[in-house]
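Read the structure below first, then the notes.
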Amino acid sequence: MPDLAAVDPFVVMAKPVGATCNLDCTYCYYLPTEGRVPSAPGRMAPEVLEAYVTAMVAAAPGPEIHFVWHGGEPTLAGIDFYRRVVDLQRAVTPDGRRCVNSIQTNGTLLDDRWAAFLAEEHFAVGLSLDGPAVLHDATRPDRRRHPTHERALRGLAALRTYGIEPDVLCTVNATTATAPLDVYRFFLDQHVRWVQFLPVVQRAADGGLSRQSVTAEALGTFLTTIFDEWVRHDVASIGVQTFLEPILPLNGRHPTLCTVSETCGRALALERDGSLYACDHFVDLDHRLGDVRTDDLAGLVDGPTQTSFGAAKRDGLTATCQSCPVLVLCRGGCPKDRFGTSLEGEGGHNVLCAGYLAFFTHARPLLERLAALARRGRPLAGIVDELRVEEADAEAPWRTSGRNDPCPCGSGRKYKHCCLGAHRRR
């Protein structure tokens, strides 16, 4: 039994049905794993599930043991599978500790029966939803190429009927990136309380970005456009993880997302046959660590192979990244996206670098102000009122200056000969 107090937190994204899914998303990174690694058909066998739950309870640090059920589409395993999960957890969890479950779903199979079960067993739910129907359905059809947006919203409604407010995961792909405010305002209209924007990055056969992927420029514009709207109006209404996460390193704290952490390797993937892999994005034979039925889970998580994998995120940064003024906020992004070339010609550079640089350079002054509010224990929403006052003060000279007064821009020219026309067009 490891010394749990000395073990860093880690998470395992368990795939009870592997890459099996009832949707056929055009940008899915996980479905191709079916052909890359051996995996038992159907859902996770009882003996694998029992071995995993037992191993996780033994290895996970802290009083709470976090189980993350992922896919594919994990609800395809059926409610009875998850009843078995919670029964096993109760049977092997000692007093003073408790198991916490979360499930990431496309929502299309959720109904009252599912929602009632998830609420009764206190599952946290992540819902994959790509904004309004015209954008969502363009890239997230089902296996018969039928739209799924309406079904996902029915799933959202079922969850809310039973008191579950899911976190939303929205991809930033070549389609959604074209309409940042449409995507963002859709979530506001749906009263979503928490959203994470996840860039889609796939490598094409020619070594560049696939046509479904977001470009660096488009990502920077997408994030900047939404951030400017959010920080001035909606901080109290909706949490945007992409914007809140940078506050942690600005305050000297460790990020919760591996993509913006200095190192990675603490978010692993478990296939339905019991195989453990280094990461959800690295499910291949080169990154297979072992089997939860035969190997010590804690030993695999903290072993030299996985430790080296995690450290490579930091140690493999290009010289451009190492000297970047926003490195503390970006940390080079996800290693899976490092197949670009830096301006200095160095390979292994993040293909989204220019987008992250543009966004964080633009947003950093206000992110630092949000971080300062957090340090003082004040509500982050206070920045909305601060900006409203500041912008009103900045606007005042333009409202009160006469045509023959010196132009408020400081040019020394009369207002009527300088900015009056342009200002009236604002």
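Overview of results
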{"item": "Computed label-point distance, nm, for sites Arg83 and Glu47 using a 7 Å Cα→Cβ extension", "result": "2.4 nm"}
{"item": "The chain, relative contact order [Cα under 8 Å, separation at least 6], %", "result": "15 percent"}
{"item": "Pair Ala205, Ala372: separation of 7 Å Cα→Cβ label points (nm)", "result": "5.4 nm"}
{"item": "Translational diffusion of segment 376-422, µm² s⁻¹ [Kirkwood Rh, Cα pairs; Stokes-Einstein; 4 °C; 1.567 mPa s]", "result": "105 µm²/s"}
{"item": "Cα-based helix-to-principal-axis angle, 353-375 vs the chain, degrees rounded to 10", "result": "90 degrees"}
{"item": "Cα-based reach from Lys336 at 27 Å (exclusive), listing lysines while leaving out same-chain residues under 8 positions away", "result": "Lys15, Lys313"}
{"item": "Computed over segment 338-426: relative contact order in percent, which uses C-alpha pairs under 8 Å that are six or more apart", "result": "11 percent"}
{"item": "Whole-number Å³ per residue for the convex hull built on Cα positions in segment 306-354", "result": "73 Å³"}
{"item": "Acute angle (nearest 10 degrees) that the helix 180-189 long axis makes with the longest principal axis of the chain, alpha-carbon atoms", "result": "70 degrees"}
{"item": "Percent accessible area from carbon and sulfur atoms, segment 15-116, protein chains only, probe 1.4 Å", "result": "54 percent"}
{"item": "Sorted peptide list for 268-278, 114-124, 411-421, criterion being average Cβ within 10 angstrom, highest first", "result": "268-278, 114-124, 411-421"}
{"item": "Counting all C-alpha pairs of segment 144-200, share separated by more than 17 Å (%)", "result": "45 percent"}
{"item": "Mean separation of Cα contacts under 8 Å (6+ apart) over length of segment 254-410, as relative contact order %", "result": "15 percent"}
{"item": "Principal axis dimensions, segment 335-426 - Cα atoms, whole angstrom, descending", "result": "58, 40, 20"}
{"item": "Ellipsoid equivalent to segment 129-237 - semi-axes via the Cα gyration tensor, in Å", "result": "24, 20, 10"}
{"item": "Extension gain (nm, one decimal) between His233 and Arg145, 0.36 nm per residue minus Cα-Cα", "result": "27.9 nm"}
{"item": "Separation of alpha-carbon centers, segment 234-258 and segment 120-170, rounded to whole Å", "result": "24 Å"}
{"item": "Difference of contour (0.36 nm per residue) and Cα-Cα distance, Asn404 to Phe282", "result": "37.3 nm"}
{"item": "Globularity ratio of segment 266-330, using Cα Rg and 2.2 N^0.38 Å", "result": "1.34"}
{"item": "Exposure rank, largest accessible area first [Thr263, Thr105; 1.4 Å]", "result": "Thr263, Thr105"}
{"item": "Reachable aspartates and glutamates, given that their alpha-carbon falls under 19 Å from the alpha-carbon of Lys416 and they are not under 8 places away in the same chain", "result": "Glu395, Asp405"}
{"item": "P(r), alpha carbons of segment 71-136 - 5 Å bins starting at zero, rounded %", "result": "3, 14, 25, 23, 15, 10, 5, 2, 2, 1"}
{"item": "Viscosity 1.567 mPa s, 4 °C: Kirkwood-radius Stokes-Einstein D of segment 210-303 over Cα pairs, µm²/s", "result": "79 µm²/s"}
{"item": "Accessible surface of Cys409 - all protein chains present, 1.4 Å probe, nearest 10 Å²", "result": "70 Å²"}
{"item": "Over segment 16-161, equivalent-ellipsoid semi-axes from the Cα gyration tensor in Å", "result": "28, 19, 12"}
{"item": "Debye-sum result for segment 230-375 in log10 I(q)/I(0), which assumes one identical scatterer on each alpha carbon, at q = 0.16, 0.21 Å⁻¹", "result": "-0.92, -1.22"}
{"item": "Rg [Å, one decimal], Dmax [Å, integer] - the chain, C-alpha atoms", "result": "24.0, 84"}
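The values are calculated or read from the model by the stated rules, or taken from the named source; none is laboratory data. Nothing here was measured: the structure is a model prediction, and the numbers come from that model. Note: ideal-geometry Cβ built from the backbone for every residue, glycine included; neighbour counts use all protein chains shown. Surface accessibility is based on the protein's heavy atoms, side chains included, excluding ligands, DNA and RNA. Shrake-Rupley method; radii C 1.70, N 1.55, O 1.52, S 1.80 Å.
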